[in-house]
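The values are calculated or read from the model by the stated rules, or taken from the named source; none is laboratory data. Owing to the predicted nature of the structure, the values given are computational and were not obtained by experimental measurement. Heads up, the Cβs are rebuilt from the backbone with ideal geometry, glycines too, and the neighbour counts pull from every protein chain shown.
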Amino acid sequence: MVTTKKYISLILSILFISTQSLFAQQDEKAKKILDEMSSFYQGLDAFSADVHQEAISTSEGKLGDIDMKAIISGNKYQLQLDGQTIYSDTKDVYRYDQEMEEVTIESAEGDEESLTGSPSQIYTLYKKNFKYLHAGKENGLDIIDLSPDKSLDINFFRIRMYIKSSTKELVKWEMYEKGNLMKYVYVINNFNKNVSVSDSDFKFNTASHPDVEVVDLR
């Protein structure tokens, strides 16, 4: 199953002139909302949230789900999911497997450019190599569709965001796999924008875990 780190459309084809005009109007509306959302999150020192993910097959229905806890401060993050804790201090990424009593350390180089890098990229990825479209509004949420440029080598053709109109918080997003065979749905719960963090929250402390095997791949 794809995790939160795998992260990342609609192009209308009716009459050329009317479609072009409609897209321009929706594009500007979408950009305004996305900019406001991005500014909201970038203005926070740190925040935490629970994230529920579901993998849904178009032919078989729901295949599975997973719950995650995230703490994010800028491009630093800590993710807890499925018996693992993943830390990144922007320099290195630590993947700690409690059951295996093993931590793998890799360089975080490239996270800022990667769709599978820092979870905070979901709030800014629209700014480069994506087209965006305001796809409607429901229950107080603005719906924004992002479609990647052909230059991007990713396995998704659409990311649909649901943004709370009143606060600009991202409450849900959906990632649609190419071939339209799979959809991954992420729902954010227990969002807390008043979180105190320290550098130790984003780095695995090997000294405090002497029995854990360290696999250093840097």
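For the reader, a short list of remarks on this structure follows.
- Count - residues of the stretch 45-92 that are within 20 Å of Glu106 (Cβ to Cβ) and of a type in the set (A, V, I, L, M): 7
- Positions within the stretch 150-172 being assigned to a strand (DSSP E or B) and in contact with a Lys or Arg (Cβ under 7 Å, 6 or more places away or on another chain), in sequence order: Phe156, Phe157, Tyr162, Val171
- Checklist (1) outside any loop (DSSP other than H, G, I, E, B); (2) surrounded by 16 or more Cβ atoms within 10 Å (Cβ to Cβ); (3) not acidic (Asp, Glu) applied to Val197, failing item: (1)
- Selection of first residues in the stretch 19-36 that are within 17 Å of Asp142 (Cβ to Cβ) and at pLDDT below 50 and of second residues that are outside any helix (DSSP H, G or I) and of a type in the set (D, E, K, R), restricted to Cβ pairs under 6 Å at least 6 apart or on distinct chains, gives an empty result.
- Candidate set from the stretch 63-92 (those that are under 20 Å from Tyr186 (Cβ atoms) and of a type in the set (Val, Ile, Thr)); member that is modelled with the lowest pLDDT: Ile72
- Residue in the stretch 161-168 that is at pLDDT below 90, more than 18 Å from Met68 (Cβ to Cβ) and either surrounded by fewer than 13 Cβ atoms within 10 Å (Cβ to Cβ) or out of contact with any Leu (no Cβ under 7 Å at 6 or more places or on another chain) (or both) present: no
- Candidates are the residues of the stretch 106-134 that are at pLDDT 85 or above and surrounded by fewer than 18 Cβ atoms within 10 Å (Cβ to Cβ); the one that is farthest from Leu79 (Cα to Cα) is Lys131.
- Filter result for Phe204 (of a type in the set (A, V, I, L, M, F, W, C), more than 26 Å from Lys137 (Cα to Cα) and either over 19 Å from the mean Cα position of the chain (by Cα) or surrounded by 11 or more Cβ atoms within 10 Å (Cβ to Cβ) (or both)): yes
- Verdict on Glu54 being charged (D, E, K, R), at pLDDT 50 or above, surrounded by 11 or more Cβ atoms within 10 Å (Cβ to Cβ) and out of contact with any helix residue (DSSP H, G or I) (no Cβ under 7 Å at 6 or more places or on another chain): yes
- Of the residues making up the stretch 158-182, those that are under 23 Å from His52 (Cβ atoms) and more than 14 Å from the chain's Cα centre (by Cα) are Lys164, Ser165, Ser166, Thr167, Lys168, Glu177, Asn180, Leu181, Met182.
- Candidate set: the stretch 137-155, residues that are at pLDDT below 95 and of a type in the set (Val, Ile, Thr); chosen: the one surrounded by the most Cβ atoms within 10 Å (Cβ to Cβ): Ile144
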